[in-house]
Amino acid sequence: MKYLFILNDPPYDTERSYNALRLARSLASREGGEVRMFLLGDAAACAHGGQKVPQGYYNVADMLAGFMRRNGAVSVCGTCMDAHGIRDDELVEGAARGTMDQLSEWSAWADKVFVF
């Protein structure tokens, strides 16, 4: 099964991105599944490296890195990165600048699409 996650919310202040990452990591851990994630709008900040959070609080960038270690693929909307002042070299290792054309291709590729 091929899954695509499209995230729109910021890494903090809501738990939508947090919960999307939890589900994506779980699906990526299952044998035979492929999982991709595209970050749009405020969710572009999820892939910003070097996040500092209070002790005991979840770190979305670390969760995203864990997802990619399970062979998950992550792309970040390039226009959204620019709007949020995020440079390519500031992304979590493994995440890449993406485009709407790529999101369109990934949407056609996926058996299931989750939007958070």
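Below is a table of values for the structure above.
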quantity	calculated
Along principal axes, Cα extents of segment 51-116, largest first, whole Å	40, 26, 20
Rounded D (µm²/s) - segment 2-116, Kirkwood Rh over Cα pairs, Stokes-Einstein at 4 °C, 1.567 mPa s	94
Sequence-separation-based contact order of segment 1-78, relative, with Cα cut under 8 Å and 6+ spacing, percent	37
Helix-only [θ]222 nm of the chain, DSSP H runs n ≥ 4, -39500 (n - 2.57) each, per residue, nearest 500	-10000 deg cm²/dmol
Vicinal HN-Hα couplings computed from phi for segment 39-50 (Karplus, 6.51 cos²θ - 1.76 cosθ + 1.60; Hz; Gly/Pro x)	9, 10, x, 4, 5, 4, 5, 4, 8, 6, x, x
Which of 18, 60, 33, positive extreme of dipole for segment 15-89 (C-beta unit charges)	33
Rounded percent of accessible protein surface that carbon and sulfur make up, the chain, 1.4 Å probe	46
By accessible area with a 1.4 Å probe, ligands and nucleic acids excluded, highest first: order of 79, 99, 14	79, 99, 14
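The values are calculated or read from the model by the stated rules, or taken from the named source; none is laboratory data. In this text, all values refer to a predicted model and were calculated from it rather than measured experimentally. Virtual Cβ from ideal backbone geometry, glycine too; neighbours counted across all protein chains shown. What goes into the accessible areas is simple: the full protein's heavy atoms, side chains included, and nothing from ligands, DNA or RNA. Shrake-Rupley method; radii C 1.70, N 1.55, O 1.52, S 1.80 Å.
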